[in-house]
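Comments concern the structure below.
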Amino acid sequence: MRQRLLVLALLACAALLVAGLVLAPRLAPPKVLSGYVEGEALYMAAPVSGALAKASVQRGDRVTAGQDLFVIDPAQVDAQRSQAEAQVAAAAAQAQDARKGQRPVELAVYDANVAAAEARARDALASLNRIRPLAAQGVYARARLDDAQAAYDAAAAQVAAAKRQRQA
């Protein structure tokens, strides 16, 4: 009888040990992980500016790929497209005008500018030629000769500039 009690006691201990090993993890508090969760905000925007005509979703709604989220007023987009087309047409007209070259009236203005610059250069050269020998004799100061030379150089530069402007 004593052996039976010992066997029963050992069996009961074994059963309690197995039950403890099986049930102990379930009775323990759940494991808690600490840390941070990071996410990136996604700001949806239209490729063009304009007034919002319709909003198909609200904050917090789930969306799928390809789903329409909003509609921009098409009138404003059409106006922007028309403006861009007008700018393209204006640029094309300017390019065509540039290929044609200058009109005769415009060329006449440039020719007159060249003639006026040449006349100023001739006058400055004549004045320089009159002053140079008098300055050499001491009648005029050296400063007056320098002024006459500077006036001639400036007039010659204006002639060159007017001719380049005419060529362009």
- Query: Suppose every K and R has +1 on its Cβ and every D and E has -1 on its Cβ; what is the size of the dipole of the chain about the Cα centre, in Debye to the nearest 20?
  - Reply: 680 debye
- Any chance you could give the angle, 0 to 90 degrees and rounded to 10, that helix 142-167 forms with the longest Cα principal axis of the chain? 60 degrees
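Probe radius 1.4 Å, ligands and nucleic acids left out: which of Lys100, Lys163, Lys31, Lys54 has the largest accessible area, and how do the rest follow? Display every interim value, and only then the final one.
Working: Lys100 150, Lys163 95, Lys31 195, Lys54 115 Å².
The residues order as Lys31, Lys100, Lys54, Lys163, largest area first.
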- Label corresponding to log10 I(q)/I(0) by the Debye sum over Cα atoms at q = 0.09, 0.18 Å⁻¹ when calculated from the structure given, among [x] -0.67, -1.08; [y] -0.46, -1.04; [z] -0.77, -1.16: [z]
- Query: Angle, helix 104-137 long axis vs. longest principal axis of the chain, Cα atoms, 0 to 90°, nearest 10?
  - Reply: 60 degrees
- Item | Euclidean distance between Cα centres, the stretch 91-168 to the stretch 32-82, Å | 64 Å
- Query: Points 7 angstrom from Cα along the Cβ direction at Gln58 and Phe70: gap in nanometres?
  - Reply: 1.7 nm
- Query: Dipole magnitude of the stretch 58-134 about its Cα centre, charges +1 at Lys/Arg Cβ and -1 at Asp/Glu Cβ only, in debye to the nearest 20?
  - Reply: 600 debye
- Message: Quick check for you: which residues of the stretch 103-142 have the amide N under 16 Å from the point 7 Å beyond the Cα of Gln165 toward its beta carbon?
- Response: 103, 105-121
- Charge-dipole axis of the stretch 50-168 as Lys and Arg at +1 and Asp and Glu at -1 on Cβ define it, positive-most pick from Tyr152, Ala90, Ser56: Tyr152
- Task: Using amide H atoms built 1.01 Å from N in the peptide plane, name the residues 5+ places from Ile72, or on other chains, whose amide H lies under 5 Å from its own.
- Result: Ala53
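The values are calculated or read from the model by the stated rules, or taken from the named source; none is laboratory data. Everything quoted here is computed from the prediction, not taken from an experiment. Note: ideal-geometry Cβ built from the backbone for every residue, glycine included; neighbour counts use all protein chains shown. These area figures cover heavy atoms from the full protein model, side chains too; ligands, DNA and RNA do not enter into them. Shrake-Rupley method; radii C 1.70, N 1.55, O 1.52, S 1.80 Å.
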